[in-house]
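Single-structure report; data block below.
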Amino acid sequence: MSQHDSNNEGRRRFLKAATGAMAAATVLSTLPRQARAQDLPHLSPSDPTASALKYVEDGTKAQGRKTPNDFCADCSFFQGKAGGAWGPCQLFPGKAVNAKGWCVSHTHVA
């Protein structure tokens, strides 16, 4: 086997590996955000950030709500799917909040 053949074989292996990695990345990136969100741990109201923002899982018991319909599900920071019980929130990365919850940072979707 010549040096040229050895270089070509190395290139082929690299291209196969790169193509496989790109295909895997494409598949993973096309999964629905909610499919990945279901695996997030639920935010505990005792979490330091949740406590600082007065997060509660039951928004009807929250002190400071502006309207009776203020819930995480209608907040611009909520990223869960419509009708879902829990979903990710931009304010609490890596955690899912209760769609019927509330915190002082609640901002209506525009």
> Mind checking which residues of segment 51-63 are within 21 Å of residue 39 (Cα to Cα) and either open to solvent by less than 50 Å² (accessible area, probe 1.4 Å) or of a type in the set (Lys, Arg) (or both)?
Replying inline: 55, 56
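Is it the case, given these coordinates, that residue 81 is outside any strand (DSSP E or B), closer than 17 Å to residue 39 by Cα and at pLDDT below 95?
Details: outside any strand (DSSP E or B): yes; closer than 17 Å to residue 39 by Cα: yes; at pLDDT below 95: yes.
Here the answer is yes, as residue 81 does meet what is asked.
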>> Return the pair list, or none, for Cβ contacts closer than 9 Å from residues in segment 91-110 that are farther than 16 Å from residue 46 by Cα and in contact (Cβ under 8 Å) with a residue 12 or more places away in the chain to residues that are open to solvent by 30 Å² or more (accessible area, probe 1.4 Å) and of a type in the set (S, T, N, Q), at least 6 apart or on different chains.
In response: 100/60; 106/76; 107/76; 108/67; 108/76; 109/76; 110/76
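Could you say which residue among 99, 52, 25 is of a type outside the set (Lys, Arg) and modelled with pLDDT under 95?
25
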>> Condition first: part of a helix (DSSP H, G or I) and either closer than 17 Å to residue 86 by Cα or hydroxyl-bearing (Ser, Thr, Tyr) (or both). Now tell me which residues in segment 36-63 satisfy that.
In response: 36, 37, 49, 50, 51, 59, 60
> Of the residues that make up segment 64-78, is at least one touching a His at 6+ places or on another chain (Cβ under 6 Å), in a loop (DSSP other than H, G, I, E, B), open to solvent by less than 30 Å² (accessible area, probe 1.4 Å) and without any contact (Cβ under 8 Å) to a residue 60 or more places away in the chain?
Replying inline: yes
>> I need the full set of residues from segment 39-74 which are farther than 15 Å from residue 98 by Cβ and aliphatic (A, V, I, L, M), in order please.
In response: 52
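The values are calculated or read from the model by the stated rules, or taken from the named source; none is laboratory data. Just so it is clear, the structure is predicted and the values come from calculations on it, not from any experiment. In this analysis, Cβ positions are derived from the backbone assuming ideal geometry, glycine residues included, and neighbour counts consider all displayed protein chains. Keep in mind that these areas ignore ligands, DNA and RNA; they rest on the heavy atoms of the full protein, side chains included. Shrake-Rupley method; radii C 1.70, N 1.55, O 1.52, S 1.80 Å.
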